[in-house]
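**Student:** Before we start, here is the structure in question, set down as structure tokens.
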Amino acid sequence: MKEHSLLSVRGVRKTFGQFVALNNVDFDLPAGEKHALIGPNGAGKSTFIACIAGQLPGVEGTVLFKGEEVTAAAPVDLARRGIGRTFQISRAFLDMSAMENMTSAFVIANGAWASLRRSVLANAEDSARSMLETVGLGDHAGSRVADLSLGDRKRLEFGMALANDPDLLLLDEPTAGMSIKERHHLMDLVAARIDETGKTLLFVEHDIDVVLKIATRVTVMVRGAVLAAGTPAEIAENEEVQAVYLGGHH
Ligand SMILES: Nc1ncnc2c1ncn2[C@@H]1O[C@H](COP(=O)(O)OP(=O)(O)OP(=O)(O)O)[C@@H](O)[C@H]1O
Ligand SMILES: [Mg+2]
């Protein structure tokens, strides 16, 4: 492991039957980076994120987080250690308000039984109100999630992911389906929060303009392997990377 890596991945391999989705991936993520994972469809980006988040069985290789092996750890364990990710808000929660969703996120962050204590609920409501302000939803606290725009909903999901104060945040295509304006709005907010709170970000993003604006470092994945890693400027100039994107794979 490199000295300052928050996350260190060595020789990670994941197969689905005969198909090799990830082949011997090495990856280092120093604390404080906003690291973009890019590559054509089917490259293995989501599989890689799922491996780190403990959502896939049968992952070979080693994943170290804060220097401790977490290769086969369960998602709950990883969350407790400080790895967070967004989850799409499920149908059941669409009828609830933004405030109710955010409050549940803070209650859950305090542990399942914490909601039974009145003081925890009051604190969760205070935290939820403040987080709604942070993600620009202060005026929508009472709105049903189903009535929010996609951009508002994504910012709510992001705020909910911050509720348990993760050190590393994993975002798989947070801007999927959004307009260019909404995309930049969300990712500017994400970048600002990551910087202000000293967290670390690993995100998958197809919009290269967003990547070049937000990322401090970029890894390019192709067919289950790392093709290149570097600063956004290095990646933009890399001829192998250009060939992948100009070659019509994307
Ligand atoms: N559960 C699964 N069972 C079988 N094959 C899978 C499974 N999950 C992913 N794959 C295959 O692994 C490969 C990598 O998929 P993955 O979703 O990681 O790609 P990706 O880089 O995230 O692509 P995209 O940009 O389209 O999201 C694809 O060929 C996909 O079909
Ligand atoms: Mg994907």
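**Student:** Kindly indicate whether residue 7 is modelled with pLDDT of 95 or more and assigned by TED's automatic domain parsing to the domain that holds residue 226. Working first, answer last.
**Tutor:** On the way: modelled with pLDDT of 95 or more: yes; assigned by TED's automatic domain parsing to the domain that holds residue 226: yes.
It is true that residue 7 is modelled with pLDDT of 95 or more and assigned by TED's automatic domain parsing to the domain that holds residue 226.
Listed here are the residues, each with its yes/no results for (1) assigned by TED's automatic domain parsing to the domain that holds residue 207; (2) closer than 17 Å to residue 222 by Cβ.
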{"position": "12", "(1), (2)": "yes, yes"}
{"position": "31", "(1), (2)": "yes, no"}
{"position": "46", "(1), (2)": "yes, yes"}
{"position": "60", "(1), (2)": "yes, no"}
{"position": "96", "(1), (2)": "no, no"}
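**Student:** Any residue in segment 119-139 that is within 20 Å of residue 149 (Cα to Cα) sitting within a Cβ distance under 6 Å of a residue that is small (Gly, Ala, Ser) and not in a helix (DSSP H, G or I)? List the pairs, counting only those 6 or more apart or interchain.
**Tutor:** 132/141
**Student:** Taking only pairs six or more apart or across chains, which ones have beta-carbon atoms under 9 Å, a first residue in segment 204-232 that is among the acidic types (Asp, Glu), and a second residue that is within 12 Å of ligand 1 (Cβ to nearest atom) and part of a strand (DSSP E or B)?
**Tutor:** Qualifying pairs under 9 Å: 205/37; 205/38.
**Student:** Could you tell me whether residue 27 is of a type in the set (Phe, Trp, Tyr), closer than 15 Å to residue 203 by Cβ and either assigned by TED's automatic domain parsing to the domain that holds residue 222 or free of Cβ contacts under 8 Å to residues at least 24 places away in the same chain (or both)? I'd like the intermediate steps shown before the answer.
**Tutor:** On the way: of a type in the set (Phe, Trp, Tyr): yes; closer than 15 Å to residue 203 by Cβ: yes; either assigned by TED's automatic domain parsing to the domain that holds residue 222 or free of Cβ contacts under 8 Å to residues at least 24 places away in the same chain (or both): yes.
Taking the combined requirement at face value, the residue satisfies it.
**Student:** Right, next: Being surrounded by 15 or more Cβ atoms within 10 Å (Cβ to Cβ) and in contact with a Gly (Cβ under 7 Å, 6 or more places away or on another chain) is the requirement here; does residue 134 meet it?
**Tutor:** Numbers: surrounded by 15 or more Cβ atoms within 10 Å (Cβ to Cβ): yes; in contact with a Gly (Cβ under 7 Å, 6 or more places away or on another chain): yes.
Yes.
**Student:** OK, next. Taking residue 161, is it part of a helix (DSSP H, G or I), on the phi < 0 side of the Ramachandran plot and without any contact (Cβ under 8 Å) to a residue 12 or more places away in the chain?
**Tutor:** Values: part of a helix (DSSP H, G or I): yes; on the phi < 0 side of the Ramachandran plot: yes; without any contact (Cβ under 8 Å) to a residue 12 or more places away in the chain: no.
Criteria not met by residue 161.
**Student:** For segment 36-63, which positions are closer than 13 Å to residue 206 by Cα and either part of a strand (DSSP E or B) or more than 8 Å from ligand 1 (Cβ to nearest atom) (or both)? Break it down into steps so the answer makes sense when it comes.
**Tutor:** Just the residues of segment 36-63 that are closer than 13 Å to residue 206 by Cα, to begin with: 36-43, 45-46.
Scanning segment 36-63 gives 36, 37, 38.
Rundown of residues vs (1) surrounded by fewer than 21 Cβ atoms within 10 Å (Cβ to Cβ); (2) out of contact with any Gly (no Cβ under 9 Å at 6 or more places or on another chain); (3) not charged (D, E, K, R), yes/no style:
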position	(1), (2), (3)
6	no, no, yes
11	yes, no, yes
15	yes, no, yes
25	no, no, yes
30	yes, yes, yes
36	no, yes, yes
46	yes, yes, yes
49	yes, yes, yes
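**Student:** Check segment 55-68 and report whether any residue there is closer than 26 Å to residue 198 by Cα and without any contact (Cβ under 8 Å) to a residue 40 or more places away in the chain.
**Tutor:** Yes: segment 55-68 contains one or more residues that are closer than 26 Å to residue 198 by Cα and without any contact (Cβ under 8 Å) to a residue 40 or more places away in the chain.
Residues are listed down the side, and each one gets a yes or a no for (1) on the phi > 0 side of the Ramachandran plot; (2) away from ligand 2 (no atom under 16 Å from the Cβ):
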residue	(1), (2)
11	yes, yes
22	no, no
31	no, yes
42	yes, no
59	no, yes
76	no, yes
82	yes, yes
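**Student:** Follow-up. Could you list, in sequence order, the residues of segment 166-179 that are more than 16 Å from ligand 1 (Cβ to nearest atom) and modelled with pLDDT of 95 or more? Full working, then the answer.
**Tutor:** Taking segment 166-179 as the starting set, the residues that turn out to be more than 16 Å from ligand 1 (Cβ to nearest atom) are 166-169, 179.
If the condition is that a residue be more than 16 Å from ligand 1 (Cβ to nearest atom) and modelled with pLDDT of 95 or more, then 166, 167, 168, 169 are the ones that fit.
The values are calculated or read from the model by the stated rules, or taken from the named source; none is laboratory data. These numbers were taken from a predicted model, which means no experiment stands behind them. With ideal geometry, Cβ positions are generated from the backbone for all residues, glycine too; neighbour counts draw on all protein chains shown.
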